[in-house]
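Here's the structure, in structure tokens; my notes come after.
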Amino acid sequence: MTDFYRIRRLPPYVFAEVNAMKAAARAAGEDIIDLGMGNPDGAPPAHVIEKLAEVARNPRAHRYSASKGIAGLRKAQAAYYQRRFGVDLDPDSEVIVTLGSKEGLANLAQAITAPGDVVLAPNPSYPIHQFGFIIAGASIRSIPAAPGPDFFNMLERSVRFTVPTPKVLVIGYPSNPTAYVADLAFYEKVVDFARAHGLWVISDLAYAEIYFGDEPTPSILQVKGAKEVAVEFTSMSKTYSMAGWRMGFAVGNPALIGALTRVKSYLDYGAFTPIQAAATAALNGPQDIVAENRALYKARRDCLVECFGRAGWEIPPPAASMFAWTPIPEPFRALGSMEFAKRLIAEAGVAVAPGVGFGEEGEGYVRIALVENEQRIRQAARGVKAMLRG
């Protein structure tokens, strides 16, 4: 009775066992410091919440909303791309509002995938990059997550020797979980390759504003000709501390945006209109929170690297994102990421995400999310220190 085709294509949920262990420990009264889920702990700016309340008081604001998003919000996203990246977008044909980038990625996969299609996706990567297409009936061929020479060597081999020829390439920088970053030269090579080989490119730019160096994160759409082959997803979850609001966007190639719009029109209505109005206020209003959140995550990153290092666990400092991608300490390497994550909960009172949950190439690593304040990070380091010494 439960032998459903698409469910059979999904592996067991890797994080479920760790989550259950974390919940059981908390139910028993233990203080577990949760650095596992990338769930921001901040709040949106006051003017955004005020706009939400203001519009919610309008009786007409509680009706269904168009699935592609209200016009004002699509215009606000186009304006963001113009001032941030110098990219011109048509709000009607090249912008769509999604219920977070995750929903948009999954529905785009449904829109453009035929059973048996081959999709190129990084390994390790955020699970929806692969499983959105697997659920849609595609086969996945893995490519390296790091944007270096191996990436393009594997890309070339995949296109030459895969039958049927791959149709879609998924990329995402700054990367979740690895925190890899890509420059504009990388995107130029990707666009040239995609145009030469007839590939659609899906770029996940959810962490566009969380970078720690002097160079802002680029967009693939800055490359000349990118809109011929590429669509890009962004999210307001981390930038504006609006994760639970589920506000995201897809922008770029009109054919891909049109396909996503068509599928979404059958599957859902738009987000609650007051939320969309508040998101418009966030994009069009003061941008102080963007720099504040960037500074917040940088301070947490520096605290994590410093205090975990003194505890005996060297953390490679991420250049961007809200995650640290960290090798398992040598004495525990043989356990694997799942068992090590369980040991961390039991012996250190710290929850992290096992790397194998992001693909088999993630084995040997864990992902640490910068979602607790510095005091809690230092408390976590004390637990880690006791575990390592024990």
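The values are calculated or read from the model by the stated rules, or taken from the named source; none is laboratory data. Please read these numbers as outputs of a predicted model, since none were measured by experiment. Please note: Cβ atoms are built from the backbone with ideal geometry, for glycine as well, and neighbour counts cover all protein chains shown. For accessibility, only protein heavy atoms count, side chains too; no ligands or nucleic acids. Shrake-Rupley method; radii C 1.70, N 1.55, O 1.52, S 1.80 Å.
Observations on the model:
- For the range 59-83, a tally of residues being in contact with a strand residue (DSSP E or B) (Cβ under 7 Å, 6 or more places away or on another chain) and surrounded by fewer than 16 Cβ atoms within 10 Å (Cβ to Cβ) returns 0.
- Test: residue 12 is closer than 30 Å to residue 368 by Cβ, open to solvent by 90 Å² or more (accessible area, probe 1.4 Å) and outside any helix (DSSP H, G or I): yes
- Residue list for the range 367-383, filter: buried (at least 21 other Cβ atoms within 10 Å of the Cβ), out of contact with any Gly (no Cβ under 7 Å at 6 or more places or on another chain) and assigned to a loop (DSSP other than H, G, I, E, B): 370
- Flag if residue 277 is in contact with a helix residue (DSSP H, G or I) (Cβ under 7 Å, 6 or more places away or on another chain), modelled with pLDDT of 95 or more and not basic (Lys, Arg): yes
- Take the conditions (1) among the small types (Gly, Ala, Ser); (2) open to solvent by 20 Å² or more (accessible area, probe 1.4 Å); (3) in contact with a strand residue (DSSP E or B) (Cβ under 7 Å, 6 or more places away or on another chain); residue 386 misses just one of them, which is (3).
- Inspection of the range 24-39 identifies no residue that is in a helix (DSSP H, G or I) and crowded, with 19+ Cβ neighbours inside 10 Å.
Yes or no, residue by residue, for (1) more than 28 Å from residue 28 (Cα to Cα); (2) modelled with pLDDT under 95; (3) among the small types (Gly, Ala, Ser):
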| residue | (1), (2), (3) |
| --- | --- |
| 300 | yes, no, no |
| 304 | no, no, no |
| 311 | no, no, yes |
| 322 | yes, no, no |
| 325 | yes, no, no |
| 331 | yes, yes, no |
| 344 | no, no, no |
| 348 | no, no, yes |
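- Within the range 337-366, the residues that satisfy the criterion of being outside any helix (DSSP H, G or I) and open to solvent by 10 Å² or more (accessible area, probe 1.4 Å) are 349, 359, 363, 364, 365.
- Considering only residues in the range 87-108 that are among the acidic types (Asp, Glu) and more than 16 Å from residue 218 (Cα to Cα), the one that is modelled with the lowest pLDDT turns out to be 103.
- Among residues of the range 230-286, those that are in contact (Cβ under 8 Å) with a residue 60 or more places away in the chain, polar (S, T, N, Q) and out of contact with any strand residue (DSSP E or B) (no Cβ under 8 Å at 6 or more places or on another chain), counted: 5
- Candidates 186, 161, 133, 151, filtered to the one that is without any contact (Cβ under 8 Å) to a residue 40 or more places away in the chain, under 20 Å from residue 259 (Cβ atoms) and aromatic (Phe, Trp, Tyr): 133
Here is a yes/no grid of residues against (1) over 18 Å from residue 230 (Cβ atoms); (2) open to solvent by 10 Å² or more (accessible area, probe 1.4 Å); (3) at pLDDT 95 or above:
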residue	(1), (2), (3)
48	yes, no, yes
54	yes, yes, yes
85	no, yes, yes
120	no, no, yes
